[in-house]
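The values are calculated or read from the model by the stated rules, or taken from the named source; none is laboratory data. Quick caveat, the model's predicted, so the values are computed rather than measured. To get the accessible areas, we keep the full protein, side chains included, count just its heavy atoms, and leave off ligands, DNA and RNA. Shrake-Rupley method; radii C 1.70, N 1.55, O 1.52, S 1.80 Å.
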Amino acid sequence: MLKAGFLSCVLSIIGLLIPSSVSSEPIPSAKPVQLADRPGFLEGVDIPPGKPAIFVPSISGKKTDKTARADCEIEGLIFRKVPSLDGTNDGDAACGIANPVVVSGVNDGAGGTAFRMSATVSCEFAQVLAGWILKDVLPEAKRRLGSPVERLGSGPGYQCRRRNNKPDGKLSEHALGNAIDFSEFQLTDGTLISVEKDWGTESPKGKFLTAIHKSACERFTTVLGPDADPNHKSHFHLDTGCHGKDCSYLICQ
């Protein structure tokens, strides 16, 4: 009886000194990460799919050198050089363009295409813009719609403001001359292609808009259209802003 009690006591002590290899408590599985649960997450915005084919670093968030240069030459683009813009004249010193140009149209050698409204942008942005219009927009119109583009429904380009015209928040790329909006495209035969009315349709107009939206995503770092949000239901917003620490995020919506 005494031996049995002693043996039981020894076994109990050994049990305390040697931990069990198998836990009696179940190990909870890790909670899966749901990107859609992240505050402010937008598909295609927070995930970097890579750099666009042509990339121009933005000067967003940095005070720019307001000294104008005379080295802006863009083949096929109809423009004039203007003195550098200082945002202090617009009430916000963060705005401004070091090397601005006023763009009024393009000429592909076969004829001219005018902007509905002259746009003030940076020379660097104008280089990317000219490539998209001359190599993508004009050829797509002839191929899909059978008529050249006579007029581009453009916005003013430079605007010293915050994003989505809010009173605070991040500076818009428009405020740095790195952005422009397009709402419509008019052909020489009088046909009008409207982003608001024709986007998403299976008509030749709708397919034309889809094609140039896709090509824009290969040239600009930000392309926003009617599928992005209500703020862009009537136009394409194009810019070369810097997204992410290494400026490699591409926003295409």
- Note on the structure: By accessible area (1.4 Å), largest first, Ile212, Ile251 order as Ile251, Ile212
- Item | Asp90 accessible area, 1.4 Å probe, all protein chains in place, Å² to nearest 10 | 90
- Mind grabbing the accessible area of Glu124 for me, 1.4 Å probe, Å², rounded to tens? 60
